[in-house]
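The values are calculated or read from the model by the stated rules, or taken from the named source; none is laboratory data. Nothing here was measured: the structure is a model prediction, and the numbers come from that model. Here Cβ is always computed from backbone atoms with ideal geometry, including for glycine, and neighbour counts include all displayed protein chains. Side chains included, ligands, DNA and RNA excluded: accessible areas come from the protein's heavy atoms. Shrake-Rupley method; radii C 1.70, N 1.55, O 1.52, S 1.80 Å.
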Amino acid sequence: MAACSVEELLAKAEQEEAEKLKTISVQKELDLDFDVGNLLACDKNRIESRDFKEQKKEDFLRALARDNTQLLINEIWKLPTERVEEAIVAKLPEPATRLPREKPPPKPKPPTKWEQFAKLKGIQKKKKTNMVWDETRVAKNEFNRLKNIARAQKIKTPGVGLLPRTKQSKDELSRAVSVAKTSTASAGRFQDRLPKEKPPKNAGKRRKFEPLIGDFSSEKQKQLELLKVMDSKRPKLDITKAVNKQMREEDREEAASKRKGRKGGAAGRPKGKGGKGKGGRAGGGKAGGGGKRRGKPGKR
């Protein structure tokens, strides 16, 4: 009895498993029309009304959908496949059924003025060629960069052109070394020096900027002074400087007037000889007639 009961249980379990896992072969009176590109299958077989009435509506439709889906999957597995990231993928062909659009196709855009002009003149758009890495150009750009740094530091570069001269002096070599060391982003600040190497001459000073984070009192004072100067209608007057300037101008004017007076007095004095005095005229003075002038003869 125990053996029979075990066999019955196994048979029942196999039957239930078979119902769950149905066969992949499906028999149809008429073959389905497949459009594998759109994953579409059209079933033209007639539905028996008796079978539809005997079974439940949902069970009948579920069984019909399952059979048709199985046939579609069988058609997919007939296509060539490939493995992509541990998954088998089938290559679908071009779709054969034209599906309707949800919205009407967009209207073609009218050509722009440039497109009309290009079409009239026969101008065609050319595609830019892909750029190729050029080692010579890179070396030339690096050389120009070093020359710009040397020019900014007012240092003569050793040699002419891309190739240096065969014989170079000690000064030229030292300049070349200093230029090469200061060509880094830190301007040679973190470059190691030789044991007996001297510091470079005529090294430019780097500009110092105030820190962005820290004490803002000095920055606030500078901004307030700038606003005060901008708001004032008249420029700020330094009284001491203005008074000194005015005094210097007055001294210059006084000295200039004195020079002109001396020159004018010296020009008005005649240089006489003999009986001519400093301030008198020839034959003049108080002597001779008491200073009266004689009239012409015949007249009083």
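The figure for LEU146 is an accessible area of roughly 50 square angstrom, using a 1.4 Å probe on the protein chains alone.
With a 1.4 Å probe and all protein chains left in place, how much of the accessible area of the range 216-259 comes from carbon and sulfur atoms, in whole percent?
On the way: 2600 of 4600 Å².
Carbon plus sulfur share of accessible area: 57 percent.
The chymotrypsin sites (Phe, Trp or Tyr not before Pro) of the range 16-98 that meet both conditions, a loop assignment by DSSP and at most 11 other Cβ atoms within 10 Å of the site Cβ, are TRP77. Once the Cα-Cα distance is subtracted from the 0.36 nm per residue extended length, the ALA242 to ASP59 segment shows a gain of 54.8 nm. Taking chymotrypsin sites (Phe, Trp or Tyr not before Pro) across the range 106-141, the ones in a DSSP loop with at most 14 further Cβ atoms lying within 10 angstrom of their Cβ are TRP133. Based on protein heavy atoms only, the range 1-148 ends up with 98 Å² per residue of surface accessible to a 1.4 Å probe. Expressed as a whole percent, the accessible area of the range 7-90 that falls on carbon and sulfur atoms is 51 (1.4 Å probe). Entry comment: accessible area of the range 216-259 is 105 Å² per residue, from protein heavy atoms only and a probe of 1.4 Å. Among the trypsin sites (Lys or Arg not before Pro) within the range 78-186, those in coil by DSSP and having at most 12 neighbouring Cβ atoms inside 10 Å are LYS78, LYS91, ARG98, ARG101, LYS125, LYS126, LYS127, LYS128, LYS154, LYS156, ARG165, LYS167.
Taking all protein chains together and rolling a 1.4 Å probe, MET247 ends up with roughly 100 Å² accessible.
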